[in-house]
Amino acid sequence: MGHTFGINRLFHRGEKERDIMRKMTEKNLNDAYAGESMAHMKYTIWADKAEQEGKPQVARMFRAIAYAERVHATNHWRTLGNILGTKDNLQHAIDGENYEVDEMYPAFKAVAELQEEKGAVRSTYWALETEKVHAKMYEVAKQAVEAGKDASGEKIWVCPVCGYTGEGEGPDLCPVCNAKKSTFKRF
């Protein structure tokens, strides 16, 4: 039969095709997705650091390669059949946030406390408190989508210190880490 695995079959796999993917390939693509996702984040963070240190060309290179890593991650995620409709994507986001709130971050924080790792206690607490809000925001958005509407057009703000997220104008101080409102990133 030859190699007829064309681009359309790669990027537009149906559910039936997804079900027959061999387990080793599926694991490898999930691992590749995780690796590319982490590379995207690392390079984006390092681009910000290079920018702060007055190295705009290094920052530009990090951002370009971070984007390429995102393309790779997207291709793997698509091939795995994980890009669904908005309603289903929102439900998966809700499930992920709830897992982080109910299981992951409480366990990570408990270990950090036991081992007296203050920085890890702080970062896991900040993430835990933030994920609670994310789950609620996704739930409200899902309800809107189910009603045939889009999510609220209200301003969204994110604290650049702890990641806490809210809608509207935002408080004068972040409710989790007390960062000033003037530092919030707005979307």
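Annotations for the structure displayed:
- For region 71-121, a residue qualifies if it is touching a residue at least 40 places away in the same chain (Cβ under 8 Å) and closer than 19 Å to Cys162 by Cα, and exactly one does: Glu97.
- Residue in region 53-68 that is surrounded by 12 or more Cβ atoms within 10 Å (Cβ to Cβ), at pLDDT 95 or above and among the polar types (S, T, N, Q) present: no
- Within region 40-53, residues that are free of Cβ contacts under 8 Å to residues at least 12 places away in the same chain reach no partner that is loosely packed, with under 12 Cβ neighbours inside 10 Å and assigned to a helix (DSSP H, G or I) with beta carbons closer than 6 Å at six or more positions or on different chains.
- Breaking point among (1) within 23 Å of Asn82 (Cα to Cα); (2) in contact with a strand residue (DSSP E or B) (Cβ under 7 Å, 6 or more places away or on another chain), for Glu154: (1)
- Check on Glu116, loosely packed, with under 13 Cβ neighbours inside 10 Å and either among the β-branched types (Val, Ile, Thr) or out of contact with any Ser or Thr (no Cβ under 9 Å at 6 or more places or on another chain) (or both): yes
- Among the residues listed as Lys155, Lys149, Lys142, the single one being over 15 Å from the mean Cα position of the chain (by Cα), exposed (fewer than 13 other Cβ atoms within 10 Å of the Cβ) and at negative phi: Lys149
- Residues in region 22-52 that are surrounded by 15 or more Cβ atoms within 10 Å (Cβ to Cβ) and among the aliphatic types (A, V, I, L, M): Leu29, Ala32, Ala39, Ala47, Ala50.
- Residues being among the charged types (D, E, K, R) and under 18 Å from Ala127 (Cα atoms) - total across region 147-179: 1
The values are calculated or read from the model by the stated rules, or taken from the named source; none is laboratory data. This is a predicted model, so every value here is computed, not measured. Every residue, glycine as well, gets a Cβ built from its backbone with ideal geometry; the counts of neighbours run over all protein chains shown.
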